[in-house]
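The next block holds one structure in the form of structure tokens; read it before the comments.
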Amino acid sequence: MWTRFPAVLVLILACAAGPAHAQSAAAPFDGDLQRLAEILGGLHYLRGICGANEGNKWRNEMQALIDAETPSGERRTRMIAGFNRGYNGFQQTYRACTPAATVAIRRYIEEGSKISRDLTARYAN
């Protein structure tokens, strides 16, 4: 499951990026992308404290999301703020890996995968 999430994320970005480039206004899937950014931020923090030894994997996934979507202005700001909100929210709560942090990781992986699948199904050509 850990390897499917990034693969699905890349697929969705490839499919969804086209319409978003044409306009700087909010895309219909922006709410989902912002939630996905928040999930990536949370995973970046939680996987780090839980000893996953993934380095910047989740931050890099966020960068790939931004690179594929190429949001500008307010859209870009909202996506980055979502990532930071996810990271900072868990940073304020967890100082060490706990069973609850492990549950949060599992739930975030599941939710991120679902968002990716749903966006792919809805917006892929």
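The values are calculated or read from the model by the stated rules, or taken from the named source; none is laboratory data. Note that this is a predicted model, so its numbers are computed, not measured. In this analysis, Cβ positions are derived from the backbone assuming ideal geometry, glycine residues included, and neighbour counts consider all displayed protein chains.
Quick notes on this one:
- If you go through the stretch 25-64 and pick out every residue that is touching a helix residue (DSSP H, G or I) at 6+ places or on another chain (Cβ under 6 Å), at pLDDT below 90 and either surrounded by fewer than 18 Cβ atoms within 10 Å (Cβ to Cβ) or part of a helix (DSSP H, G or I) (or both), you end up with 0.
- Listed by first and then second residue, the pairs with beta-carbon distance under 8 Å, at least 6 apart or on different chains, first residue in the stretch 92-113 and within 11 Å of I49 (Cβ to Cβ), second part of a loop (DSSP other than H, G, I, E, B), are C97/C50; C97/G51; A101/C50; A101/Y94; T102/C50; I105/C50.
- Flag if T77 is surrounded by fewer than 16 Cβ atoms within 10 Å (Cβ to Cβ), free of Cβ contacts under 8 Å to residues at least 40 places away in the same chain and not aromatic (F, W, Y): yes
- Here S116 passes the criteria (1) surrounded by 21 or more Cβ atoms within 10 Å (Cβ to Cβ); (2) of a type outside the set (V, I, T); (3) modelled with pLDDT of 95 or more except the one numbered (3).
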